[in-house]
1. Give segment 61-105 a look and list any residue that's farther than 28 Å from Met49 by Cβ and among the β-branched types (Val, Ile, Thr), or say none.
2. What do you reckon, is Ser76 modelled with pLDDT under 90, under 28 Å from Thr9 (Cα atoms), in a loop (DSSP other than H, G, I, E, B) and in the same structural domain as Ser10 (by TED's automatic domain parsing)?
3. Can you tell me how many residues within segment 86-114 are closer than 22 Å to His4 by Cα, within 22 Å of the chain's Cα centre (by Cα) and not hydrophobic (A, V, I, L, M, F, W, C)?
4. Which of the residues spanning segment 79-101 are among the hydrophobic types (A, V, I, L, M, F, W, C) and assigned to a helix (DSSP H, G or I)?
5. Do we find that Val29 is part of a helix (DSSP H, G or I) and surrounded by 11 or more Cβ atoms within 10 Å (Cβ to Cβ) in this structure?
Amino acid sequence: MWSHDVISTSINLAGDLKMGQYLKIPPRVMFLTQVWGTILGAVINYVVMISVVDAQRHILLSPHGTNVWSGIVAQSSNSSAVTWSLAKQLYGRSGPYIIIPLSLIIGMVPTTIQYFVWKVRNHVVRAISSQSTQLPAALAQDWTC
């Protein structure tokens, strides 16, 4: 969960640097702007979170919540954290969900077969096309005007 956020943010920042380069903004200025935006965004996120939690505390502590304030994202994050902490027991050799990591290997098999079929087909097509473009001398003379 957290590593995905870091990777996503890094990709977005790299995209912003690229856009800055296209717009002829000096890289140092663009980088400092990104740092300033990141710090300002973190402070604003924290202030908004504190104000929402203070204002909606009783609803957020309720097991049912409301349509607007349910805390589902926090519950989902907690569930993900518990699942990943039990990854060895859940996805290991004796775990009930062993098929999930095995599906990565199973999914590689058809892709590998398709790759080799493409390689063989491509090689055969090249061999055939190189032979068909070379006309015998007798036929070449018949086609000239």
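1. Ile98, Ile99, Ile100, Ile105, listed by residue number.
2. For Ser76, the condition - modelled with pLDDT under 90, under 28 Å from Thr9 (Cα atoms), in a loop (DSSP other than H, G, I, E, B) and in the same structural domain as Ser10 (by TED's automatic domain parsing) - is not met.
3. Looking only at that region, the number is 3.
4. Ala81, Val82, Trp84, Ala87, Leu90, Ile99, Ile100
5. no
The values are calculated or read from the model by the stated rules, or taken from the named source; none is laboratory data. Predicted, not measured: the structure shown is a model, and the values here were computed from it. Because the Cβ atoms are built from the backbone with ideal geometry, glycine has one as well, and the counts that use them run over all protein chains shown.
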